[in-house]
Protein chains: 2
Amino acid sequence: MKSIPLIVMGCGGVGRQLLQHIVSCRDIHALHHGVRLRVVGVADSKSLLSVPDIFTTELDDHSIGEICRLKSNGSSLSSLTSYGDYQVFSDSETITNITEIASHLVRSTGLAVVDCSASSDTIGILQKVAEMNVCIVLANKKPLTSSMEDYDKLVLHPRRLRHESTVGAGLPVIMSINRLLSSGDTIHRIVGSLSGTLGYVMSEVEDGKPLSQVVKTAKALGYTEPDPRDDLGGMDVARKALIVARLLGQRLELDSIKVESLYPAEMGPNAMSVEDFLANGVSQLDNSLADRVEKAASSGNVLRYVCVIESSRCEVGIQELPKNSALGRLRGSDNVLEVYSRCYSEQPLIIQGAGAGNDTTAAGVLADILDLQDLFT
Amino acid sequence: MKSIPLIVMGCGGVGRQLLQHIVSCRDIHALHHGVRLRVVGVADSKSLLSVPDIFTTELDDHSIGEICRLKSNGSSLSSLTSYGDYQVFSDSETITNITEIASHLVRSTGLAVVDCSASSDTIGILQKVAEMNVCIVLANKKPLTSSMEDYDKLVLHPRRLRHESTVGAGLPVIMSINRLLSSGDTIHRIVGSLSGTLGYVMSEVEDGKPLSQVVKTAKALGYTEPDPRDDLGGMDVARKALIVARLLGQRLELDSIKVESLYPAEMGPNAMSVEDFLANGVSQLDNSLADRVEKAASSGNVLRYVCVIESSRCEVGIQELPKNSALGRLRGSDNVLEVYSRCYSEQPLIIQGAGAGNDTTAAGVLADILDLQDLFT
């Protein structure tokens with residue numbers, strides 16, 4: 001029986017869902033595929049909870065259930081100062097302890113550190129374990145969108161780093177691009193609608209609805225961040241674009257990507273509250289966007305908020321695209337990626353589907369973990 | 001430097017293209033990824049050509065070029081009775097020699113046997129090497145669509161068997177399904193248009209063209225097999241459907257799949273020559289298909305020739321599908337796969353793109369080979 005020891009960092013939505021997925025399918029994997037997923041530690045932003053003996057014990061179903069319940073109630077792992085046989089370490093001890101676990105396990109079975117947080121604070125520990133030959137699986141975009149210097153340290157062993165869920169949740173985006181690259185195909189152009197929120201907004205606006213109304217509906221449906229400007233500003237798409245561009249070999253920093261924001265700086269969070277933006281700000285943007293939609297329609301095109309990545313270009317913003325393309329036909333909150341390459345020159349390779357949601361994102365992380373199994377003993 | 005020794009079986013279109021891809025990218029892989037693709041043998045249906053020392057030598061660029069030239073001229077490897085330092089074995093010795101190479105390499109670096117043929121004759125040798133823990137990469141559908149008994153022997157070590165190019169050429173179909181399965185997602189339904197030829201035929205017929213005219217045009221464009229009935233009969237799609245259904249765990253034989261043929265038995269190859277079928281047979285089918293197209297259109301649907309795979313169903317034939325779905329919008333010869341699962345329940349996961357062509361198929365094979373690298377030393 002092969003064993004994959006895991007430390008899961010971040011047990012908010014995605015991390016919690018991952019732990020639940022692991023509980024519900026680890027017996028099947030052990031039975032049918034000879035792989036045992038063994039959770040040896042769980043960390044939130046403040047603490048690390050680890051098993052008493054990292055070589056032989058694991059978090060059992062009951063304990064994982066308890067942790068999930070605790071976290072969904074908004075509590076911190078630190079409240080579990082003494083929980084069964086498990087050890088709970090405070091913030092300052094977390095890095096030291098993860099490093100220690102890693103140094104022991106790397107020499108025996110191997111270890112995978114899984115980052116399901118949305119924080120930049122994990123970059124230090126990830127670099128440390130990458131150097132130690134630990135496998136890393138990321139749902140967190142921040143470590144891959146920090147400086148090139150940080151990036152290079154993280155991708156030190158490319159086969160030991162998986163991050164499918166950083167772009168398009170569980171959609172097979174990263175893996176498909178990696179396969180094209182390793183087959184010697186030449187990628188000319190990638191265009192993607194990688195924000196479910198902005199996909200929804202652009203297709204609703206295409207139907208003639210005012211931006212302000214669409215944004216309010218999207219917020220009410222839970223499609224947006226608490227402050228919708230976090231979506232409308234485009235930075236989340238820019239991070240995904242950066243991850244793809246770096247995969248293609250572009251040595252690029254986040255702040256050098258041209259990002260079009262759907263709202264002007266004078267309506268930014270420093271100048272206006274969320275309430276004020278929704279009540280008075282966003283409606284001022286209705287007409288100009290409606291004009292652009294109409295202008296595009298007059299040439300048979302539609303507007304989409306996309307990333308465009310070419311050999312020496314990485315941009316994020318509104319583009320006019322043919323109505324009769326995968327991106328042009330997009331409705332609702334699905335993500336779509338079009339890849340043009342030597343093999344897919346006239347018609348692109350298209351990957352489309354739900355690109356958000358804890359369930360789908362966690363499923364992508366779990367598939368990444370299992371795809372690392374050949375590196376474990 | 002990691003080494004992946006390869007034996008390539010079948011050097012017709014796909015195999016030859018694979019060898020050329022290997023020549024053009026193996027230096028890049030060695031330099032940037034530390035992986036050396038080392039071709040130690042090449043086999044066609046009659047002979048095996050192998051290097052003098054399987055541990056240290058490989059087919060160099062010049063020799064691979066010579067072999068490709070020879071095969072594109074329609075010659076057999078057996079005509080190379082003495083070619084440089086290489087050894088050429090006749091048919092009867094091929095299996096013995098591949099087994100011998102495998103037994104030596106499996107204990108040291110490992111070996112990948114790549115089947116780019118379209119023959120059932122390779123099943124025996126593939127079973128033998130599977131048992132020896134050799135890695136297997138298939139573009140050939142036949143070994144996976146033989147009896148369940150043969151299938152079980154081939155998938156003995158699932159991680160050592162890759163066959164992306166058996167369905168949809170280089171499109172990431174198999175890998176995406178495998179990822180969903182390993183993440184514990186539940187796949188409810190897969191619908192796919194997996195024949196570029198039939199995709200083209202159905203979208204042209206949808207435009208009101210008579211089937212007979214579309215088939216003749218498709219043949220003239222080189223979209224069909226020399227005898228277009230090989231496409232119209234649906235058996236190629238049935239093989240792909242079987243591969244997908246077995247991946248989902250269905251224990252199914254090829255002859256138990258319900259396959260709708262676009263021509264009746266009395267127009268089959270035993271009853272009618274190709275010329276007769278094209279001149280007199282196929283036009284008799286024009287009206288009934290046109291009627292079906294019209295009937296579908298009256299309910300806002302279109303006809304597509306698809307495979308439908310559900311938990312206890314695997315069928316191949318014409319289906320009425322919503323015009324406004326990925327399959328309904330399909331034009332030309334692209335393949336499309338729609339996957340409905342727990343994670344992709346309302347909207348499916350869609351994979352679309354060119355699903356044929358030697359270049360794309362060989363690229364998929366090469367990506368499979370490189371994805372095996374963690375199993376090599």
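The values are calculated or read from the model by the stated rules, or taken from the named source; none is laboratory data. Predicted, not measured: the structure shown is a model, and the values here were computed from it. Cβ coordinates were reconstructed from backbone atoms using ideal geometry, including for glycine residues, and neighbour counts include every protein chain displayed. Areas reflect the complete protein model, heavy atoms only, side chains present, ligands, DNA and RNA absent. Shrake-Rupley method; radii C 1.70, N 1.55, O 1.52, S 1.80 Å.
For the stretch B:81-131, the gyration tensor built on C-alpha atoms gives an oblate shape. Its axis ratio a/c (a ≥ b ≥ c) is at least 1.5, and a/b is not larger than b/c. Each Cα pair of the stretch B:181-354 feeds into the Kirkwood radius, which the Stokes-Einstein equation turns, at 10 °C and 1.306 mPa s, into a diffusion coefficient of 95 µm²/s. The B and A chains share an interface that buries close to 3400 Å² of accessible area, total over both sides, probe 1.4 Å.
Remark: label point of A:ARG292 defined 7 Å out from Cα along the Cα-Cβ vector; separations to the same position in other copies 4.6 nm, ascending. The spacing between the stretch A:277-327 and the stretch A:84-101, judged by their C-alpha centroids, is 48 Å.
Our coupling estimate for the stretch B:196-206, obtained by passing each phi through the Karplus curve with A = 6.51, B = -1.76, C = 1.60 and θ = phi - 60°, is x, 4, 5, x, 4, 4, 5, 6, 6, 4, 4 Hz, Gly and Pro reported as x. Need one word for the stretch A:228-321: rounded, prolate or oblate. Basis is the Cα gyration tensor (sqrt eigenvalues a ≥ b ≥ c); a/c below 1.5 gives rounded, then a/b vs b/c decides. Taking the square roots of the gyration eigenvalues as a ≥ b ≥ c, the stretch A:228-321 is oblate.
Of all beta bridges that DSSP places with both ends in the stretch B:1-147, some 35 percent have antiparallel geometry.
Within the assembled protein chains, the solvent-accessible surface assigned to B:GLU100 is about 100 Å², based on a 1.4 Å probe.
Helical runs assigned H by DSSP (4 residues or longer) give the protein assembly as shown a calculated mean residue ellipticity at 222 nm of -11500 deg cm²/dmol, each run adding -39500 (n - 2.57) before division by the residue total.
Of all beta bridges that DSSP places with both ends in the stretch A:181-354, some 95 percent have antiparallel geometry. The distance linking the stretch B:111-126 with the stretch B:337-377 is 20 Å (Cα centroid to Cα centroid, whole angstrom). Can you list, shortest first and in nm, the gaps between the label point of B:PRO322 and those of its counterparts in the other copies, using a point 7 Å from Cα in the C-beta direction? Once sorted, the set of distances for B:PRO322 reads 2.4 nm.
Sorted from shortest to longest, the distances between the A:GLU310 label points of this copy and the other copies are 4.6 nm, with each point 7 Å from Cα along the line through the beta carbon.
Before anything else, pin down the relative contact order of the stretch B:288-333: Cα pairs under 8 Å, at least 6 apart, normalised by residue count, whole percent. Across the stretch B:288-333, relative contact order equals 31 percent.
When chain A is turned onto chain B, its residue with the beta carbon nearest the axis, and that distance in whole angstrom, is A:ASP374, 2.
Short-range pairs are left out: with C-alpha atoms under 8 Å and at least six residues apart, the relative contact order of chain B is 20 percent. Here the accessible area is traced with a 1.4 Å probe on the protein chains. For chain B, carbon and sulfur cover 49 percent of it.
Its Cα gyration tensor gives the protein assembly as shown an equivalent ellipsoid, and the semi-axes of that ellipsoid, as √(5λ) in whole Å with the largest first, are 43, 36, 23. Considering only alpha-carbon pairs that sit under 8 angstrom and 6 or more positions apart, the relative contact order computed for the stretch B:181-354 is 36 percent.
With both residues required to sit in the protein assembly as shown, DSSP beta bridges show an antiparallel share near 65%. In straight-distance terms, cross-link reach from A:LYS153 covers every one of the aspartates and glutamates whose alpha-carbon lies under 14 Å from its own, apart from those fewer than eight places away in the same chain; here that gives A:GLU131. Computed over Cα pairs, the Kirkwood radius of chain B leads via Stokes-Einstein (1.306 mPa s, 10 °C) to a diffusion coefficient of 72 µm² per second. The residues of chain A present an accessible area of 39 Å² per residue when probed at 1.4 Å with all protein chains retained.
The charge dipole of chain A, taken about its Cα centre with unit charges on the Cβ of Lys, Arg, Asp and Glu (plus for the first two, minus for the last two), comes to roughly 800 debye.
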